[in-house]
Amino acid sequence: MEVGAIIAYKSLTARIKSIPFSVPQYKKQQNVNIINNDFFNSLSYEEINLNDSTETSPVHILANGKVPTIKSIIMYPGLTIHAGDKVAQGNGDQWLCLHVEDNSLYQKGKIEKCNFDLKWINQDGYIQTFPSILYFNARSNFGTEEDKVMNLPAGRRQIVVSKNVETQSIQRDTRFIIGSEAFKVIDTDYMSDDGLVNLSLQSDQIDPVKDNLELGIADYHKLGKYELHILNDNPLSLSIHQSARINAIVMRNGSEIIDPQIEYSSSNTDLVSVDIQGTITIHESGETVITVSAYGIEKQLNIYVAPTIHYDYDATIDGANDIYLNRESTYVASFFNNGIKISDESSFSLTNLDGSPTLLASISSQDPIANTCVVKANSIRKLGTVILHVKNTNGLSSGKKEIKIKSLI
């Protein structure tokens, strides 16, 4: 520890200890002012970023004991730090705050250097990455004497990471790639240390089919494969004062997502604007582009606004993607004109993938007014895929849906 840092640290500590509990607030403020004046002159002074904030915070970072990867951080009076906060230095080093000591003038915390980026795929199929502390053979306790360690059994690892929604969702048997080895979680501890998640890991077998060693992510096959489809005509022709709505769906691993998170933006809001629901408002004639975004995918819908009214008819079918042999399932159709839902009568039919009549399933009943039908899978053990078709009364609005006939076994 440099001499200037030692003097600054001892000076601050001495001033705090010299303030009796009964000292009035204005006296404490005088000490705060003194600390403020000295704070920026220490050799241990630097500016850091907390939790990926773009704003910097003035702090002192001091060597702490015999372990170079554990240090003390003193916050500028009035600033706060919490256990689990990430500290980023200007040189790129990242630290995790393990513990905080609070007093009436400033906060002091213990930080440990992050040495491993924890990567995994969460339940929604997204890659998550968080800086963490990885302990190989031994780890320090969280007491004041960092040279005291506990040994880890062979084939075991421990990881400490900030507590947040994603890290708290890590469950037992979650797998990680560390170096060229696989490890799985055998114990999780969200309670012992404020702001932190403690994970105990055990060596596991590499699965070359499921694990991506190049990216360092286990069970890479869980990565969600998303598709974004715009069902409107593209380009979409409209006229001034005509209402329309973007009809978009998102598929994940081949199945449609219910209530997906979709964003819309117009390249020329003076001509055409679009709200968060995808409803289009026409202001002037001309051409523009609406960008539809979801789950990292972008698609463009070209808009042409003409003086004459244009109609874009479409239909969708909601219901199960699979039916088991000799079972039934109900399907509901919706009809749209320029993305706006309209009322009409429906007519359903079933075919094979090539459009020929099918024996895999049949329509046992349908209600044209309610726009529903009941599809029953065959009982003769034939498996495959059928297409359920629907159209409105005049046939201008039509849609279809693939349904897989599966075995219960």
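Maximal additional length on extending the ALA63-SER362 stretch stands at 100.1 nm, based on 0.36 nm per residue less the C-alpha distance. From the square roots a ≥ b ≥ c of the eigenvalues of the alpha-carbon gyration tensor of the range 239-332, which class results: rounded (a/c under 1.5), prolate (a/b over b/c), or oblate? Since a/c reaches 1.5 and a/b is larger than b/c, the shape of the range 239-332 is classed as prolate.
Taking the range 288-322 and a reference point 7 angstrom along Cα→Cβ of LYS400, the backbone N atoms nearer than 20 Å belong to 313-322.
Residues considered: ASN115, ASN268, ASN212. Largest GNM mean-square fluctuation over the chain, using C-alpha springs under 10 Å, is found at ASN268.
Between the helical axis of 25-39 and the longest alpha-carbon principal axis of the chain there is an angle of about 90 degrees. Straightening the chain between ASP173 and HIS229 buys 16.6 nm, computed as 0.36 nm per residue apart minus the Cα-Cα spacing. Stretching ARG327 away from LYS210 to a fully extended chain increases their span by 38.7 nm, per 0.36 nm per residue minus the current alpha-carbon distance. With the helix formula -39500 (n - 2.57) applied to DSSP H stretches of n ≥ 4, the chain reaches a computed 222 nm mean residue ellipticity of -2500 deg cm²/dmol. Is the shape of the range 218-258 rounded, prolate or oblate, going by the alpha carbon gyration tensor and its root eigenvalues a ≥ b ≥ c, with a/c under 1.5 for rounded and a/b larger than b/c for prolate? Prolate, because a/c is 1.5 or more and a/b exceeds b/c. Here r is the Cβ-Cβ distance between PHE136 and ASN103 and R0 is 30 Å; the resulting FRET efficiency, rounded to 0.05, is 0.25. Is the range 310-409 rounded, prolate or oblate when judged by the Cα gyration tensor, a ≥ b ≥ c being the square roots of its eigenvalues, rounded requiring a/c under 1.5 and prolate requiring a/b larger than b/c? Here the range 310-409 falls in the prolate category.
Structure note, pairs LYS299/LYS391; LYS86/LYS299; LYS66/LYS86: Cα-Cα distances above 32 angstrom occur for LYS86/LYS299. The heavy atoms of HIS229 present about 70 square angstrom of accessible area, all protein chains included, probe 1.4 Å. Over all other residues within a Cβ to Cβ distance under 12 Å of LEU383, the charged ones net out to +3, with Lys and Arg as +1 and Asp and Glu as -1. Against the criterion of solvent-accessible heavy-atom surface with a 1.4 angstrom probe, GLU55, GLU284, GLU181 sort, most first, into GLU55, GLU284, GLU181.
When the solvent-accessible area of the range 209-298 is split by element, carbon and sulfur atoms take up 46 percent of it, the probe being 1.4 Å. Against the chain, whose longest principal axis is taken from its Cα atoms, helix 3-17 shows a tilt of about 90°.
The label-point distance for ILE240 and GLN89, in a model that sets each label 7 Å from Cα toward Cβ, rounds to 6.5 nm.
The values are calculated or read from the model by the stated rules, or taken from the named source; none is laboratory data. Computed from a predicted structure; not experimentally measured. All Cβ positions, even for glycine, are placed from backbone atoms using ideal geometry, and neighbour counts span all protein chains on display. Accessible surface is based on the protein model in full, side chains and every heavy atom, while ligands, DNA and RNA are left aside. Shrake-Rupley method; radii C 1.70, N 1.55, O 1.52, S 1.80 Å.
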